[in-house]
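The values are calculated or read from the model by the stated rules, or taken from the named source; none is laboratory data. Being a predicted model, the structure only gives us computed values, none of them experimental. No Cβ is skipped: glycine too gets one built from the backbone with ideal geometry, and neighbour counts run over all protein chains shown.
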């Protein structure tokens, strides 16, 4: 649009749109509306703006209150909605977990797993992710403050490599290997989980995977799950072939560690036996 079509603000002479009928820019229009408000209305606006900008959202007025202006709650009360209670409990849980050591966190997770097995509520699978605190930074090759584990299996391996005397140096996701994905015929980057150098001179490139993902998918064909598992299987094979070739060129050894491997090496404790869920108590009705 040519500049002649635009208008100018009558107060600050800023450029405004051609359809602006008031002749004022946005900031000047706000100032004009604010000047025309009564003192009571201004106080009401200030309180509403403070509620919107505050971190504690309003839970509403108490029952029987005649005050028309909402207020900000400082604590979660019984009359608040459910999402405020959930948010507050999660915040307290995060604060308590931050102050605990790795051994205490592992004991809490083990107790939680035992309870779920006893109650028969282990249907949902949860992956654990966090930052591992390296105890021997001299052994780690890379930035030891950014060591992230994406499962409890990887955390067990990190603890083993960090404390083992047979390990000279180790790293986590520091090696980048390009590989060709056969589905989209494009090159991608693969980050193996660990690179470990032992005292006997061997260097091993390690990938931690569940045993079920190291096998070809089985099941009924022409289903979404079968197709999705097939794509994962092709991608994993392409990654592992590239990692095997990359390791052979450098004189390394490429290995895939599953949960069975970790248990056999003593890196991870044996899984707990699944307990039978307790039978629900059914109260029989008695005839009178």
Handout entry: Checklist (1) at pLDDT 75 or above; (2) outside the structural domain of residue 133 (by TED's automatic domain parsing); (3) in a helix (DSSP H, G or I) applied to residue 89, failing item
Key = (1)
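So that you can scan it fast, the table gives a plain yes or no per residue for (1) without any contact (Cβ under 8 Å) to a residue 60 or more places away in the chain; (2) in contact with a strand residue (DSSP E or B) (Cβ under 7 Å, 6 or more places away or on another chain):
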| residue | (1), (2) |
| --- | --- |
| 163 | yes, no |
| 166 | yes, yes |
| 177 | no, yes |
| 183 | yes, no |
| 189 | yes, yes |
| 194 | yes, yes |
| 207 | yes, yes |
| 211 | yes, no |
Exercise for the section: Quick one: count up the residues across the stretch 188-220 that are assigned to a strand (DSSP E or B) and either in contact with a helix residue (DSSP H, G or I) (Cβ under 8 Å, 6 or more places away or on another chain) or surrounded by 11 or more Cβ atoms within 10 Å (Cβ to Cβ) (or both). Expected result: 13
Exercise for the section: Would you check if there is a residue in the stretch 40-47 being closer than 30 Å to residue 92 by Cα, at pLDDT below 60 and surrounded by 10 or more Cβ atoms within 10 Å (Cβ to Cβ)? Expected result: no
Exercise for the section: Could you check, for the stretch 153-164, whether at least one of its residues is over 26 Å from the mean Cα position of the chain (by Cα) and over 12 Å from residue 267 (Cβ atoms)? Expected result: no
